[in-house]
Amino acid sequence: MSELGDGTRCVHAGLPEPAPGQPFLPGPVFAAPYHLDPWQGPEGAPNGYGRPDNPTRRLLEAAVGELEGGDCRVFASGQAAITGLLLTVLRPGDTVLLPADGYFPVRAFATDTLEAVGVRVLFVPTAGPYPSLDGVRLVLVETPANPGLDVVDVAALADRARAAGALLAVDNTTATPLGQRPLELGADVVVASGTKALTGHSDLLLGYVASRSTELIEAVTKWRTTTGAIPGAFDAWLAHRSLATMDLRLGRQSANAEAVAALLAGRPDVTGLRWPGRPEDPAYPVASTQMRRMPGVLSFDLGDADRVARFVDAARLVVAATSFGGLHTTADRRAQWGDDTSAGFVRLSCGVEDTADLVADIAAALDAAGPTG
Ligand SMILES: *Cc1c(COP(=O)(O)O)cnc(C)c1O
């Protein structure tokens, strides 16, 4: 259905053909074992045991796969999907290139676990410059990167990776498949957290891997089945239900981010504003051509931890929470998690509140927070 608009695609993604008397989205199937045909055994039906087989999960995978333009396997969380891909592909002696400014737990996993099993780990800033990819097995980029929001030209990097015989993986969490389709830009595989804007209700954890390579999908499926990193049936169903409104949610989040960015850009008491949709942003030239829409997430600096706390405390519509992409506007001071950002660095995730209300609230909260110190 790729010729249809985003809203249409989201509403219909992964749904079975209409059947009288049946729901639009079938309810979650809860099962550990399923009945087997006594003569044919597992060959006789699509479902034998819950770890490899679940029809609710398969419908969600069909939906996300349609949106990404590849085959999809969902995982219990974004981390389960990303570490699953890394451990499926990488072997001792291999070299992997990771974003120096990307999702912190992925970097921690690389230095704690991958290096310990003999994988060589190189960190490169998302915005580059990228070294020679000769001898590199896998390049994983995050674009826009979380939390700094730099971007990388996926098509250009895909050309270089292909020429060097490296696989290119793109973490599509911040953009979502409506924001960009890395597989169409030439990436070999997409990984993402579905916990964020993809599902958007701050009520579940989910991850996925998507690819057009049958070989890669088979290897990832085998990894998931043997490690058991599957989401539960209810979370899979809830995620699928939430996908239907993604176009609407992202539309409002992005419009809110644009208005908040305009407000913050005009305030001398806010520094380091980043939002890839602003023409003045260093990420804009690549983001505006590669991305189909801009994320609802922006980042900036309020100078110190105390001023961030005063700002969030004064705001009525901005709550302190990590994660992003949800219906409610949230602010996260990343340094409190041991991230390597400065003490006053804030990642702000715009929710779906009315734009005028949000802008007025943030302006008033900044006024109330006063100057640094
Ligand atoms: C949140 C996030 C992850 C991890 O996802 P979980 O669902 O929390 O495990 C990975 N990559 C990025 C860019 C993220 O923002």
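Where a number appears in this text, it was derived from the coordinates with a stated rule and is not lab data. Note that the structure is predicted; figures quoted are calculated from it, not measured. Positions of Cβ are backbone-derived with ideal geometry, glycine not excepted, and every protein chain shown enters the neighbour counts.
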Segment 232-315 -> Rg/Rh from Cα coords, Kirkwood Rh, value 1.08
Computed about the Cα centre, the charge dipole of segment 70-210 from +1 Lys/Arg and -1 Asp/Glu charges at the Cβ has a magnitude in debye, to the nearest 20, of 200
Taking every DSSP bridge whose two residues both lie in the chain, the antiparallel percent to the nearest 5 is 60
Magnitude of the Cβ-charge dipole (Lys and Arg +1, Asp and Glu -1) of the chain about the Cα centre, nearest 20 debye, reported as 300
Computed for segment 16-113: size of charge dipole around the Cα centre, +1 on C-beta of each Lys and Arg, -1 on C-beta of each Asp and Glu, debye to nearest 20, value 260
Helix 154-164: inclination vs the chain longest Cα principal axis, degrees, rounded to 10, gives 50
For the chain, longest principal axis from Cα atoms; helix 355-369 axis from its Cα atoms; angle between them, nearest 10 degrees, is 50
Under the 7 Å Cα-to-Cβ spin-label approximation, VAL117 and THR322 lie apart by a distance in nanometres of 2.4
For segment 79-183 the chymotrypsin sites (Phe, Trp or Tyr not before Pro) that pass both the DSSP coil test and the at-most-15 other-Cβ-within-10 Å test are none
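Per-residue counts of other Cβ atoms within 10 Å, averaged by peptide: what ranking do you get for 350-356, 33-39, 335-341, highest first?
Details: 350-356: 18.4, 33-39: 10.7, 335-341: 14.0.
The packing order, highest mean first, is 350-356, 335-341, 33-39.
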In order over segment 123-132: 3J(HN,Hα) from phi, Karplus 6.51/-1.76/1.60, θ = phi - 60°, whole Hz, x for each Gly or Pro, gives 10, 10, x, 3, 6, x, x, 8, x, 4
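Peptides 62-74, 226-238: what's the order by average Cβ count within 10 Å, highest mean first? Can you show the working numbers first?
Working: 62-74: 22.8, 226-238: 18.6.
Ranked from most to least packed, the peptides come out as 62-74, 226-238.
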HN-Hα couplings for segment 52-60 via Karplus (6.51, -1.76, 1.60; θ = phi - 60°), in whole Hz with x for Gly/Pro, come out as x, 10, 7, x, 5, 5, 5, 5, 4
Segment 351-373 scanned against label point 7 Å out from ASP304 along Cα→C-beta; backbone N under 12 Å for 371-373
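What 222 nm value per residue comes from the helices of the chain, counting each DSSP H run with n ≥ 4 as -39,500 (n - 2.57) and dividing by all residues, nearest 500 deg cm²/dmol?
Working: 12 runs with 131 residues, N = 373.
Dividing the helical sum by the residues of the chain leaves -10500 deg cm²/dmol.
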quick shape note, segment 6-100: Cα extents on principal axes in Å, largest first -> 53, 43, 19
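Given R₀ = 22 Å, FRET efficiency for THR271-ALA164 by Cβ-Cβ distance, to 0.05?
On the way: r = 38 Å, r/R0 = 1.74.
FRET efficiency, THR271 to ALA164: 0.05.
Just to confirm the filter: which trypsin sites (Lys or Arg not before Pro) across segment 234-294 are DSSP coil and have at most 13 other Cβ within 10 angstrom of their Cβ? Walk me through the numbers on the way to the answer.
Numbers: sites: ARG241, ARG249, ARG252, ARG274, ARG292, ARG293; in loops: ARG292, ARG293.
Passing both the DSSP loop test and the Cβ count: ARG292.
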By the mean-Cβ-within-10 Å protection proxy, highest first, 15-25, 84-94 rank as 84-94, 15-25
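Give the average over all directions of the projected area of the C-alpha convex hull of segment 137-223, one decimal, in nm². Write out the running numbers ahead of the final one.
Working: hull surface 24.3 nm².
Taking a quarter of the hull surface, the average projection is 6.1 nm².
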Stokes-Einstein, Kirkwood over Cα pairs, segment 247-369, 10 °C, 1.306 mPa s; D in µm²/s equals 111
A correct Kirkwood calculation over the Cα atoms of segment 78-217 returns a hydrodynamic radius in Å of 14.9
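For a quick check of your reading of the filter: which GluC sites (Glu not before Pro) in segment 98-201 sit in a DSSP loop and have no more than 16 other Cβ atoms within 10 Å? All intermediate terms of the calculation are to be shown ahead of the outcome.
Numbers: sites: GLU115, GLU142, GLU184; in loops: GLU184.
When the GluC sites (Glu not before Pro) of segment 98-201 are filtered for loop state and at most 16 Cβ neighbours within 10 Å, GLU184 remain.
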Whole-Å distance linking the alpha carbon centroid of segment 253-326 with that of segment 13-55 is 43
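Rg(Cα) of the chain divided by 2.2 N^0.38 Å? Walk me through the intermediate numbers first.
Numbers: Rg = 21.1 Å, N = 373, 2.2 N^0.38 = 20.9 Å.
That works out to 1.01 for the chain.
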